[in-house]
Amino acid sequence: MSTRAKIGFGDALGDLSGFAPLPRVKTAAPPAEAAAVAGFTSREVPAPPQKPQQRRHRTGRSAQINIKAKPETIAALNAWADAQGLSIAEVFETMVENLKDS
């Protein structure tokens, strides 16, 4: 059988009766204030900005057209379509019909 290696403390660690756990300190401050005083920072991520409302309508339209426009133009088109109660596709179809007639 093997014996443990001696590390030089002897019997100094044999009696630990003089040691006692520290009493808990209760703070009167709420946890958020106590954390701020202690210098902790929150890990909570701020809510992401809200995305624009999706404009999905079930229709017989199956082809897609992609265009680039200025953000102000898109906002104006969306506002006008909302005011008229139309989808963007209906606005586009109306614009094309009006351009054919002129």
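The values are calculated or read from the model by the stated rules, or taken from the named source; none is laboratory data. Quick caveat: nothing in here was measured; it's all calculated off a predicted structure. Neighbour counts run over all protein chains shown; Cβ positions are idealised from the backbone, glycine included.
Here is how the numbers come out for the structure above:
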quantity: Long-range neighbours under 7 Å by Cβ, at least six apart or interchain, first residue charged (D, E, K, R) within region 3-30, second assigned to a loop (DSSP other than H, G, I, E, B) and at pLDDT 80 or above; calculated: none
quantity: Selection from region 57-78 of residues that are surrounded by 10 or more Cβ atoms within 10 Å (Cβ to Cβ) and closer than 16 Å to Thr94 by Cβ; calculated: His57, Arg61, Ala76, Leu77, Asn78
quantity: In region 28-56, residue farthest from Ser87 (Cα to Cα) [restricted to those that are surrounded by 10 or more Cβ atoms within 10 Å (Cβ to Cβ) and touching a helix residue (DSSP H, G or I) at 6+ places or on another chain (Cβ under 9 Å)]; calculated: Ala29
